[in-house]
Amino acid sequence: MIEVKIDGASNGNPGLSGAGIVIKVNGNIFEYSIPLGLLTNHEAEFNSLLKALEICKQQFPDKIIAIQSDSQLVVDAVEKNYVKNETYNQLLTNIMELLQSFPLFFIKWIPSNQNKQADRLARQAILQQKQA
């Protein structure tokens, strides 16, 4: 099973945004800090999950994945396959399509203080864009 922690961050709402992804598989830890451009914080959270699933599909296909996020909005949207806000609807559709690539997935909300590594990576992605 692959353990994935994700976080999206935005400097402003909207503002420069980044995704932080930590993937743990077979005792190895892979970290990703991905610049996302100008997004709202919620869009960054959805995009962090999308990017994590793209990475897992490419590098660890056909594995069970357990996702942890400190975004209640994202976790609820995936669990219910529903989101009220039209802006997030296409992102959710893309996420749900990618999730079909995996035999089984779990998603769980965790408090922010348990997601510091992914948060640090998301903020690092914002800094990369500011310095560019």
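Build a GNM of the chain with springs between Cα atoms under 10 Å apart, and of 80, 116, 51 the one that fluctuates most is 80.
Placing +1 on the Cβ of every Lys and Arg and -1 on the Cβ of every Asp and Glu, with no other charges, gives the chain a dipole of roughly 280 debye about its Cα centre. Hull volume per residue, based on the alpha-carbon atoms of segment 16-78 and their convex hull, is 85 Å³. Across the accessible surface of the chain, with the other protein chains kept in place and a 1.4 Å probe, carbon and sulfur atoms take up 49 percent. Pairs from the list 63/116; 24/80; 24/63; 5/108; 5/57; 108/130 with a Cα-Cα gap above 20 Å: 63/116; 24/80; 108/130.
Protein heavy-atom accessible surface, 1.4 Å probe, per residue over the chain: 53 Å². Highest GNM mean-square fluctuation among 48, 71, 101, for the chain modelled with Cα contacts below 10 Å: 101.
Just checking the listed ones, 18, 37, 27: in the Gaussian network model of the chain with Cα springs under 10 Å, the one fluctuating most is 27. Of all DSSP beta bridges confined to the chain, the antiparallel ones make up roughly 70%.
Report the percentage of all Cα-Cα pairs in the chain whose separation exceeds 17 Å, rounded to a whole percent. Looking at the chain, the distances longer than 17 Å represent 53 percent of pairs.
With r defined as the distance between the Cβ atoms of residue 13 and residue 113 and R0 fixed at 30 Å, what FRET efficiency is calculated, to the nearest 0.05? E(calc), rounded to 0.05, equals 0.85.
The values are calculated or read from the model by the stated rules, or taken from the named source; none is laboratory data. This structure is a prediction, so every number in the text was calculated from the model and none was measured. Heads up, the Cβs are rebuilt from the backbone with ideal geometry, glycines too, and the neighbour counts pull from every protein chain shown. Remember, those area values only see protein heavy atoms, side chains included, never the ligands or the DNA or RNA. Shrake-Rupley method; radii C 1.70, N 1.55, O 1.52, S 1.80 Å.
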